[in-house]
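FYI, it's all coordinate maths here, none of it is from the lab. Just so it is clear, the model here is predicted, and its values are computed rather than measured. Here the Cβ positions follow ideal geometry from the backbone for every residue, glycine too, while neighbour counts run over all protein chains shown.
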Amino acid sequence: MTLSAEPLEYAPESVDPPGETLKETLENLGITQADLARRIGLSTKHVNQIIQGAAILSPETAILLERATRVPASIWNNLEARWRTQQLREQESKALEESLPWLDNFPLGELEDRGVLPDKKKNVANLRRMLEFFGVANPKVAEELWGTYRVAFRRSTAKAPNEYATLVWLRLCVLAARDIECRPYTRDALLELLPLLRSLTVRQPSTWINELPGLCAQAGVAIVFQRSMPHTHLSGATRWLTPDKVMIALSDRYKKDDRFWFSLFHEIAHVLLHGKRLTFLDGDPATNPLQSAEEDEANRFAVDILIPQQYAADYEKLKANPKPFTKIEAFAAHVGLAEGIVVGRLQHDGALKYNEGHRFLKPVAFAK
């Protein structure tokens, strides 16, 4: 039998107590309970208690039964383990019923849509699935665990997020990142990769969206594309999974290439500049006013990667007079950058209105 990471459906009707099997075995062999007790050196009362399910069928007893019945001890042990597990599950179900209101915190419809839950019913089965999804024993443990996590989060957002939706989105990202094979992280490898990543901006998203994760995996960075989730206000996240592997998760919240590429290089800055202890959860790193020193550094890094200082004077001229739009096209070609990114920068700097230059912005959206 191979072990699987897939959750198992609980089916108590399929599990019989080991005493039932022992009783049938004795009947087939023509052995009475008293005779079995003499054969294996136990009291008749003890044998009867095993048959009634009142006494545990221990591994030592399983070996004795193997000799008396020629049924392998492993089978007796397995029957006992399955029976006791069922009893504990039934007890747990009663306890979990009291915790069903915990599910009200979560976007159950989104969880159904993303395949975490089969439906959005508030029942014990879905509560179990949620606990398995997060890898925790019960809701109390989950809340205590998240309380310790929050002190390691760095979050930039101008809006109050739904923390539970955020935890779901981040967990989806982490689980996806764990499945991505990466070389051990090296800072030099990531630095060497930056020019190539920047060059991808001029290509269509349909091409770089497949190439980008493989390139970053060579530097120890697991890139995850996770659809935006309502009420999380997240553009990206950075989290170290091991000392040799870091996750950068990106959402399609704004669905435009200018925001996507800024977010990517912003998250890369966290990897390169800000150590391995913190999880960074970033809203709109291009415009958010609530910034820490780390966020300011990451913003500046992204700005300088996309439009390096060597082009600063040219950009200032463009910013002073960005029209006609052929100037934007010429500048983007000159610096080797997607036109939409230049438009996004000009909008951020107030040189263009946010409803101007939309034709240059390439759509970015992640598949379900």
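Roughly how many Å is it from the Cα centre of segment 114-150 to that of segment 315-343, as a whole number?
48
Counting only residues 5 or more places away or on other chains, whose amide H sits under 5 Å from the amide H of Leu241 once H atoms are built in the peptide plane?
It is Val246, Met247, by chain and number.
Counting alpha carbon pairs within less than 8 Å and at least 6 residues apart, what relative contact order, in whole percent, applies to the chain? It would help to have the intermediate numbers written out before the result.
Values: 469 pairs, mean separation 47.6, N = 368.
For the chain, the relative contact order is 13 percent.
Of Ala312, Ala249, Ala338, which is the most mobile in a GNM of the chain whose springs link Cα atoms less than 10 angstrom apart?
It is Ala312.
Using the Karplus equation 6.51 cos²θ - 1.76 cosθ + 1.60 (θ = phi - 60°), what ³J(HN,Hα) coupling, rounded to whole Hz, does each residue of segment 226-239 give in order, writing x for Gly and Pro?
Ordered by residue, 3J(HN,Hα) equals 10, 3, 4, 10, x, 6, 9, 6, 9, 9, x, 8, 10, 8 Hz.
If amide H atoms are built 1.01 Å from N in the plane of the peptide, which residues on other chains or at least 5 residues away come under 5 Å of the amide H of Leu352?
For Leu352, the qualifying residues are Gln347.
Which label marks the calculated value of log10 I(q)/I(0) by the Debye sum over Cα atoms at q = 0.10, 0.12, 0.13 Å⁻¹, given the options (i) -0.74, -0.92, -1.02; (ii) -0.87, -1.13, -1.24; (iii) -0.58, -0.87, -1.05?
Correct label, based on the coordinates given: (i).
Classify segment 155-307: rounded, prolate or oblate, from the alpha-carbon gyration tensor (a ≥ b ≥ c, eigenvalue square roots; a/c under 1.5 rounded; otherwise prolate if a/b is larger than b/c)? Please list the in-between numbers first.
Values: a/c = 1.30, a/b = 1.19, b/c = 1.09.
Rounded, since a/c falls under 1.5.
Given H placed on each backbone N at 1.01 Å, which residues far from Lys256 in sequence or on other chains put an amide H within less than 5 Å of it?
Val364
Any of Lys94/Lys121; Lys255/Lys276; Lys121/Lys276; Lys255/Lys327 with alpha carbons more than 27 Å apart? Name them for me.
Values: Lys94/Lys121 17 Å; Lys255/Lys276 29 Å; Lys121/Lys276 38 Å; Lys255/Lys327 25 Å.
Long pairs (Cα-Cα over 27 Å): Lys255/Lys276; Lys121/Lys276.
Using DSSP, restrict attention to beta bridges with both residues in the chain and report what percent are antiparallel, rounded to the nearest 5. Each step should come with its number before you reach the end.
Numbers: 10 of 19 bridges.
Once the DSSP bridges in the chain are tallied, antiparallel ones form about 55 percent.
Within a 10 angstrom radius of the beta carbon, how do Lys319, Lys94 rank from fewest other beta carbons to most? Can you show the working numbers first?
Numbers: Lys319 16, Lys94 9.
Least crowded to most crowded, the residues run Lys94, Lys319.
Of all the stretches in the chain, which is the longest one without any exposed loop site, taking GluC sites (Glu not before Pro) in a DSSP loop (any state but H, G, I, E, B) with at most 10 other Cβ atoms within 10 Å? Walk me through the numbers on the way to the answer.
Details: sites that count: Glu9, Glu98, Glu181.
By the stated rule (loop sites, at most 10 other Cβ atoms within 10 Å), 182-368.
Which residue, chosen from Leu281, His231, Ala298, occupies the Cα position most advanced towards the positive end of the dipole of segment 214-337, where the dipole is computed from +1 (Lys, Arg) and -1 (Asp, Glu) charges on Cβ about the Cα centre?
His231
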